[in-house]
Amino acid sequence: AWNQYIHQIWTGESIAFFIDGYVRLNPDSIKLLGKAIDDQAEVLGGTGVPNGAMDSSAAHAHVPENGFHGNFCCIKGAALEQIRRRKILLPTGLYRVDSLMGALLTLGLDPANNVWVGSRIYVHPAASWQTDSKRWWRMRDIRAQVKRIIRQSRGDLENLAIKDHLRIRKQQPELMLPTAAELIIDWVHRCPSQANKVLRYNPLARRALAELQRSAGKPKGNINMVPVLMGCSKTP
């Protein structure tokens, strides 16, 4: 969806807002967030916070490490134009899409030459939204939570592969492999010792990797058999 919007749908607006379908924005959230990032030249994107966390400390406690909350966020047109011009595509099949987009913005879309600067994403403590409460006794909510836990284990592998590409090897985002499966499998085979630390004690992560290998048509194999001497290559 991100790729389709940026490369096919966006028509040059100065700010594009992104809202998950299950959230209900406060009436002034778009206006507040839009004005805040428009007034700061160094900011590339912005995010709100859930459930009306009204002070800055609470606001930052409600957003991920890179400061980008996918429920309600925005990106400046200048950043979108650069993504389109450079033909940057997010790997398809990602669970942690918002984390990747946040990382790209925090690195100024140029990890080879920029450092991680959190202030490139503005967190507005008053731009908020509401969602329906989850009920622990409701079967559909229980099933949704189980699926979420399983997806999060896969998301942990995605985050490590993305961190390796952008922050450790400092590779440009347009060089990312085209699918999440390829991105993770490539990282696992280049960085077996790091992968083992996650997979050894996390059966859900092992299950996620096996499913990705099947979807990519790769033999399942055994991660512990990957030679640790391979290390973690710094070349693409």
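The figures follow:
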{"item": "Odd one out for Asn113, checked against (1) assigned to a loop (DSSP other than H, G, I, E, B); (2) modelled with pLDDT of 95 or more; (3) under 19 Å from Trp10 (Cα atoms)", "result": "(3)"}
{"item": "Only listed residue being over 30 Å from Ile30 (Cβ atoms), at pLDDT 80 or above and in contact with a strand residue (DSSP E or B) (Cβ under 9 Å, 6 or more places away or on another chain), chosen from Pro192, Pro203, Pro178", "result": "Pro178"}
{"item": "Residue in the range 1-29 that is nearest to Gln130 (Cα to Cα), counting only those that are part of a helix (DSSP H, G or I) and in contact (Cβ under 8 Å) with a residue 24 or more places away in the chain", "result": "Ser29"}
{"item": "Contacts under 7 angstrom Cβ, first residue in the range 168-189 being outside any helix (DSSP H, G or I), partner open to solvent by 10 Å² or more (accessible area, probe 1.4 Å) and charged (D, E, K, R), 6 or more apart", "result": "Arg169/Lys234; Leu177/Asp186"}
{"item": "Subset of the range 68-82 [under 11 Å from Glu13 (Cβ atoms), open to solvent by less than 10 Å² (accessible area, probe 1.4 Å) and not in a helix (DSSP H, G or I)]", "result": "Cys74, Ile75"}
{"item": "Cβ pairs under 9 Å, 6+ apart, first in the range 147-164 and within 11 Å of Arg96 (Cα to Cα), second open to solvent by 60 Å² or more (accessible area, probe 1.4 Å) and basic (Lys, Arg)", "result": "Ser153/Arg206; Ser153/Arg207; Arg154/Arg207"}
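Rundown of residues vs (1) in contact with a Ser or Thr (Cβ under 9 Å, 6 or more places away or on another chain); (2) of a type outside the set (D, E, K, R); (3) farther than 20 Å from Thr179 by Cα, yes/no style:
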| position | (1), (2), (3) |
| --- | --- |
| Ile88 | no, yes, no |
| Pro91 | yes, yes, no |
| Tyr95 | no, yes, no |
| Val115 | no, yes, yes |
| Gly118 | yes, yes, yes |
| Ala126 | yes, yes, yes |
| Thr131 | no, yes, yes |
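The values are calculated or read from the model by the stated rules, or taken from the named source; none is laboratory data. For clarity, every value in this text was computed on a predicted model and none was experimentally measured. As a convention, Cβ positions derive from the backbone with ideal geometry for all residues, glycine included, and neighbour counts pool all protein chains shown. Protein only, heavy atoms only, side chains kept; ligands, DNA and RNA dropped before computing areas. Shrake-Rupley method; radii C 1.70, N 1.55, O 1.52, S 1.80 Å.
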